[in-house]
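Chemist: The structure under discussion is supplied below as structure tokens; questions concerning it will follow.
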Amino acid sequence: MMRFLMLLAALAATPAYAFTPTPDWPCIQGRQPHLSLGQVWTGPPPPESARETPEIAALADRVAQRRLPIEEAAAAIDAFAQGKDAGTLAVLMQAIFQRIDTQRSAILGGISRYGHRQVALAERVEARRARMAELEAADPPDFDAIDAEEEALDWDMRVFSDRQQSLTYVCETPVILEQRLFALGRAVAAHLQQ
């Protein structure tokens, strides 16, 4: 437990935004494509000969699901961990880590695509504004074309605005997964001292 607390203190002391920013990353949090097992697990490494059993795979699949409340996930880990050795618990933690890190990486890819779409939509809004200015400056102005362009501009701006409002939730999803991974790591590690 002491090693876990020391690890958390070391992580807290590192700069939160020590990541290289990318121009299409829409989130405040830095983009770190993959986590490290050492960030969430202070227990022993899995034995080299140890393999993921069907029982461990099923449990890891179940507790990695975000819809499963963390209390139920911890209870499932508690039930599994009774009488298991540290090596088996390490294999379980590695299995949980792999599943959550895979989910998190997929979500980060989705967020990047989201960012690309927002940049493209912002460029389209600017192009529509420029086109509106051209249409309004024409002599004589084409009011039907102006109305059509204004309607398209309003729609694009509404979509852009709605997506921007959703951005906070979208960007929090990887953080929620990281918190889940830490909590599950604590639940597994609690059985190492027993």
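The values are calculated or read from the model by the stated rules, or taken from the named source; none is laboratory data. All of these numbers come straight from a predicted model, not from anything done at the bench. Note: ideal-geometry Cβ built from the backbone for every residue, glycine included; neighbour counts use all protein chains shown. Accessible surface areas use protein heavy atoms only, side chains included; no ligands, DNA or RNA. Shrake-Rupley method; radii C 1.70, N 1.55, O 1.52, S 1.80 Å.
Chemist: Picking from 50, 75, 60, which residue would you name as being among the hydrophobic types (A, V, I, L, M, F, W, C) and at pLDDT below 95?
Modeler: On the way: 75 fails: at pLDDT below 95; 60 fails: at pLDDT below 95.
One residue alone meets the criteria, 50.
Chemist: Something else: Residue 180 passes all but one of (1) over 22 Å from the mean Cα position of the chain (by Cα); (2) under 30 Å from residue 96 (Cβ atoms); (3) not β-branched (Val, Ile, Thr); which number fails?
Modeler: Exception for residue 180: condition (1).
Chemist: Further, regarding this structure: Return the residues of the range 77-116 that are charged (D, E, K, R) and either part of a loop (DSSP other than H, G, I, E, B) or under 18 Å from the mean Cα position of the chain (by Cα) (or both); say none if nothing qualifies.
Modeler: Passing the criteria: 84, 85, 99, 101, 104, 113.
Chemist: Here's another thing I want to ask about it. How many of the residues in the range 93-108 are open to solvent by 20 Å² or more (accessible area, probe 1.4 Å) and either among the hydroxyl-bearing types (Ser, Thr, Tyr) or more than 30 Å from residue 47 (Cβ to Cβ) (or both)?
Modeler: Qualifying residue count, the range 93-108: 3.
Chemist: Then there is this: If a residue must be closer than 19 Å to residue 42 by Cβ, open to solvent by 40 Å² or more (accessible area, probe 1.4 Å) and of a type in the set (Gly, Ala, Ser), how many such residues does the range 60-92 contain?
Modeler: 1
Chemist: Has the range 171-185 got any residue that is closer than 21 Å to residue 50 by Cα and not hydrophobic (A, V, I, L, M, F, W, C)?
Modeler: There is at least one residue in the range 171-185 that is closer than 21 Å to residue 50 by Cα and not hydrophobic (A, V, I, L, M, F, W, C).
Chemist: When the range 85-103 is examined, which residues are found to be farther than 14 Å from residue 189 by Cβ and touching a His at 6+ places or on another chain (Cβ under 8 Å)?
Modeler: Within the range 85-103, just 101 meets the criteria.
Chemist: Now a separate question. If we scan the range 110-124, do we find a residue that is out of contact with any Phe, Trp or Tyr (no Cβ under 9 Å at 6 or more places or on another chain), in contact (Cβ under 8 Å) with a residue 12 or more places away in the chain, surrounded by 14 or more Cβ atoms within 10 Å (Cβ to Cβ) and of a type outside the set (D, E, K, R)?
Modeler: Checked against the condition, which is being out of contact with any Phe, Trp or Tyr (no Cβ under 9 Å at 6 or more places or on another chain), in contact (Cβ under 8 Å) with a residue 12 or more places away in the chain, surrounded by 14 or more Cβ atoms within 10 Å (Cβ to Cβ) and of a type outside the set (D, E, K, R), the range 110-124 yields at least one hit.
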